[in-house]
Amino acid sequence: MAETTSVEKLMQQIADEYESLIRQLKVIAKYIERHRASLMLERISDIAAECDVQPSAIVRFAQRFGFSGFSEMQDVFRQAYTEQTNASPNYQQRIRKLIASRDNKLNIGDMAREFVHASRTGLDELAAGLDDAQLEAAVTLLQKADNIYVVGVRRAFPIASYIAYALQNTNKRVHLVSGLGGMYRQQMRSVRERDVVIAISFAPYGKETQYCARVGHHQRAKLLVITDSKLSPLARIADALLTVNEGSAFAFRSLTSTICLCQALFIALAYKLELDIEETTDPGGYDD
């Protein structure tokens, strides 16, 4: 494979061909998506053990996407890491240094700082990997929507609640699909073709959110998905796809990057709607 192959191009290729992969290779694809930041350091035997496959399956996976073997594919991730390290401070190293240097008694202030650093790492990754075309597509969907339905469960519920709140500051009709009383079906029954469903879900992907997304897709509504992977089950039916990976500390994932993404989405939509209002009310194209 050409040396210019980037991680993003490779991950997009994997996402495009994911459905055609056999079960073993799908497992490997999901592992690579989740561990792309650390893949350059991992041994093929460790990856095989985690995926419950033979190392030869890892090699077949790499060859499927044009590499001579696992090492050549790993070089793509190693090169991306080197470029990122040269471009910006490595906050992950700072967090690890902080953990290694602390004494047995955990200082509350240090704990808080670890969460701050983890959140900052996630924000750096969001900025570096933001897909401008997909963000533009997401704003366009919302701009044209008659109704906007927002769904997210458990960890994603605060995000869904926030973006529903923010969008209610526009002139759009916004519905938070809370499933109160188990009434997801009833709350989704009025979704129509000119509407947009915002589905927010992260691994292991809430079945309720998947259900609502399928209902919207069946009713020919547009689907805006906010998730953590292009291999997410929601990604395959998305009209616009925004991916975000949060930083984590003490096995807890932050919500900072996702909130930031949703705020940016709302501001971009409000900006577009304001422009539409100005263009509509402008009496005749006066020069400023």
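A short reminder: the numbers here are calculations on the coordinates, not readings from a lab. All figures in this text were calculated on a predicted structure; none of them were measured in a lab. So basically every Cβ, Gly included, is an ideal-geometry build from the backbone, and we count neighbours across all protein chains shown.
Using 0.36 nm per residue, how much length does the chain from residue 161 to residue 113 gain when fully extended, once their Cα-Cα distance is taken away? Please report the intermediate quantities before stating the final value.
On the way: separation 48, 0.36 × 48 = 17.28 nm, distance 2.68 nm.
Length gained, residue 161 through residue 113: 14.6 nm.
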Given labels modelled 7 Å from the Cα in the Cβ direction, how far is it in nm from residue 16 to residue 127?
-> 3.0
Model label zone, residue 207; criterion: amide N under 16 Å from point 7 Å along Cα-to-beta-carbon; scope the range 148-165 | 153-154
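If the chain between residue 136 and residue 75 were fully stretched, how many nm would it gain, using 0.36 nm times the residue separation less the Cα-Cα distance? Show your work: numbers first, answer last.
Values: separation 61, 0.36 × 61 = 21.96 nm, distance 3.18 nm.
Extending this stretch completely gives an extra 18.8 nm.
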For the pair residue 23 and residue 260, the simple spin-label estimate (label points 7 Å beyond Cα toward Cβ) gives in nm 4.0
Separation of the residue 220 and residue 173 label points, Cα + 7 Å toward Cβ, nm | 1.8
List the residues whose amide H sits under 5 Å from the amide H of residue 173, counting only those 5 or more places along or on another chain, with H placed 1.01 Å from N in the peptide plane.
-> 148
First check a/c for the range 132-280, with a ≥ b ≥ c the square roots of the eigenvalues of its C-alpha gyration tensor; if it is under 1.5, answer rounded, and if not, answer prolate when a/b is larger than b/c or oblate otherwise.
-> oblate
Check residue 228: other-chain or 5+ apart residues with amide H under 5 Å from its amide H, H built from backbone geometry?
-> 203, 244
